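Visitor: Below are the structure tokens for one structure; questions will follow.
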Amino acid sequence: MSNIVETIKTDLTNAIENDKLVLPTLPEAALQVREIAENEDSAILDLVKVISNDTALSARIIRVCNSPLFRGSRAIENLNMAVSRLGMAYTSNLAMGLAMEQMFQATSEMIDKRLRATWQTSTEVAGVCHVLAQNYTKLKPDQATLAGLVHLIGVLPILRYVEDSDIQISSIMLDNVIDELHPRIGAAILKKWDFPKELQNVPLEFANFQREVPSADYADLVMIANLQLISGMDHPWNEIDRHSISAFGRLGLDPEADMNEEEDLNAQMEAAMALLK
């Protein structure tokens, strides 16, 4: 193993253990949205007022509302109508998730490309999580969407460290560092951000294929969503015996079934993934 890889791992691990790792902070828009959502005295107009300050975010929420997943009998033309249709809980989680996209950018071309690819994967997983939650569980689709959007959040500080330190490293070596460290860092970030406990464990648990829990949770959704998206690809996870993965049973899914072949379900997943792009 390259010395540079071991150096990066040692530096980041020491920073984590000594509570000196610089963790990202939630974007201001996300913080404001959450504050309103958690205030029992807040009304839809309060949420609309905050989101409307971000033109791009407002437009995307209206587009989500007019998508096949949510579309009603009449088109949604403004943010007030969109929030009324989606509800405050769903709108706030969606807005928080979408506001995070601005974090996945960098000045270095290589790091920027990696960050954008990470965000794209996160949005695709989030879309599938939404559909799985809606069709197979009693879990909240808005929380499921947020779980998908943040399951790789631990990649951020690693790539920032590489960029800030101007480290020259191959993609294979960087993957090795990310795979080993991002789950622990991701959990630390979500704890710092005071996310719900059921979401804090998602970065740590979504790739733990032998995990056993009493009932389906958000880590299960993110795990199965990832497996769905890599189905048919040349990926190490496709070598795992899916019958050994108990999350399929908790969701009531056949490990050998191809969800892409179920026309209605596939259409829902395509629509959900398109929402966040």
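Visitor: Please provide three numbers in whole Å: the alpha-carbon extents of region 137-179 along the principal axes, with the largest listed first.
Guide: 46, 19, 9
Visitor: Within region 13-51, what residues put their amide N at less than 19 Å from the label point 7 Å along the Cα-to-Cβ vector of Glu198?
Guide: Within reach of a label on Glu198: 34, 37-39.
Visitor: Calculate, for Asp19 and Glu262, the FRET efficiency according to 1/(1 + (r/R0)^6) with r their C-beta to C-beta distance and R0 51 Å; round to the nearest 0.05.
Guide: On the way: r = 47 Å, r/R0 = 0.91.
Once rounded, the FRET efficiency stands at 0.65.
Visitor: Taking only the alpha-carbon atoms of region 1-129, what semi-axes of the equivalent ellipsoid follow from 5 times the gyration tensor eigenvalues under a square root, in whole Å, largest first? Show your work: numbers first, answer last.
Guide: Numbers: eigenvalues 251, 66, 29 Å².
Square roots of five times the eigenvalues give 35, 18, 12 Å.
Visitor: Distances over 16 Å make up what percent of all Cα-Cα pairs in region 153-220?
Guide: Looking at region 153-220, the distances longer than 16 Å represent 52 percent of pairs.
Visitor: Let me ask another. Let me check I have the definition right: for region 60-142, take the eigenvalues of the Cα gyration tensor, multiply each by 5, take square roots. What are those semi-axes in whole Å, largest first?
Guide: Working: eigenvalues 143, 55, 23 Å².
Each semi-axis is the square root of five times an eigenvalue, giving 27, 17, 11 Å.
Visitor: Given Cα positions, please report Rg to Rh for region 205-277, the hydrodynamic radius being the Kirkwood one. Provide the component values of the computation, followed by the final result.
Guide: Numbers: Rg = 12.5 Å, Rh = 13.1 Å.
Looking at region 205-277, the ratio lands at 0.96.
Visitor: Would you please put 191-198, 31-38, 202-209 in order of how densely packed they are, using the mean number of other Cβ atoms within 10 angstrom per residue and starting with the highest?
Guide: Highest-to-lowest ranking by the protection proxy: 202-209, 31-38, 191-198.
Visitor: Further, regarding this structure: Dipole magnitude of the chain about its Cα centre, charges +1 at Lys/Arg Cβ and -1 at Asp/Glu Cβ only, in debye to the nearest 20?
Guide: Numbers: 23 positive and 40 negative charges, 149 e Å.
Result for the chain is approximately 720 debye, rounded to the nearest 20.
Visitor: Can you report the principal axis dimensions of region 1-52 using only the alpha carbons, biggest first, rounded to whole angstrom?
Guide: Here the spans come out as 55, 21, 13 Å, largest first.
Visitor: Which whole-angstrom value gives the distance between the alpha carbon centres of region 1-72 and region 171-201?
Guide: Here the answer is 15 Å between Cα centres.
Visitor: Per the helix-only calculation at 222 nm, which mean residue ellipticity applies to the chain, given -39500 (n - 2.57) for every DSSP H run of n ≥ 4 and division by its residues, nearest 500 deg cm²/dmol?
Guide: Values: 15 runs with 175 residues, N = 277.
One gets -19500 deg cm²/dmol as the mean residue ellipticity at 222 nm.
Visitor: Less than 15 Å Cβ to Cβ from Ala43, Lys/Arg counted +1 and Asp/Glu -1: what total charge do the surrounding residues give?
Guide: On the way: positive: Lys49; negative: Glu35, Glu38, Glu40, Asp41, Asp46.
Neighbour charge sum, excluding Ala43 itself: -4.
Visitor: Could you work out what % of the accessible surface of region 1-130 is carbon and sulfur, using a 1.4 angstrom probe and leaving DNA, RNA and ligands out of the count?
Guide: The nonpolar share, carbon plus sulfur, comes to 47 percent.
Visitor: While we're here: Write down the accessible area per residue of the chain in Å², having rolled a 1.4 Å probe over the full set of protein chains.
Guide: On the way: 13640 Å² over 277 residues.
Ligands and nucleic acids excluded, the result is 49 Å² per residue.
Visitor: Percent of Cα-Cα pairs per 10 Å bin, from 0 to the last occupied bin, for region 46-188, please list those.
Guide: 11, 35, 30, 18, 6, 0
Visitor: Dipole size in debye (nearest 20) for region 73-192 around its Cα centre, Lys and Arg Cβ +1, Asp and Glu Cβ -1?
Guide: Working: 11 positive and 12 negative charges, 130 e Å.
Roughly 620 debye for region 73-192.
Visitor: Roughly how many percent of the accessible protein surface of region 200-277 is carbon and sulfur, given a 1.4 Å probe and a whole-percent answer? Walk me through the numbers on the way to the answer.
Guide: Values: 1870 of 3920 Å².
In region 200-277, the share of accessible area belonging to carbon and sulfur is 48 percent.
Visitor: Ok, one more. Output the peptides 85-96, 41-52, 102-113, 230-241 sorted from most to least packed, where packing is the average of other Cβ atoms within 10 Å over each peptide's residues. Don't skip to the answer; put the middle values down first.
Guide: Values: 85-96: 21.6, 41-52: 16.1, 102-113: 14.2, 230-241: 10.6.
Ranked by mean Cβ neighbours within 10 Å, highest first: 85-96, 41-52, 102-113, 230-241.
The values are calculated or read from the model by the stated rules, or taken from the named source; none is laboratory data. These numbers were taken from a predicted model, which means no experiment stands behind them. Counting neighbours? That spans all protein chains shown, and the Cβs are built from the backbone with ideal geometry, glycine included. Surface areas here come from the heavy atoms of the whole protein model, side chains and all, with no ligands, DNA or RNA. Shrake-Rupley method; radii C 1.70, N 1.55, O 1.52, S 1.80 Å.
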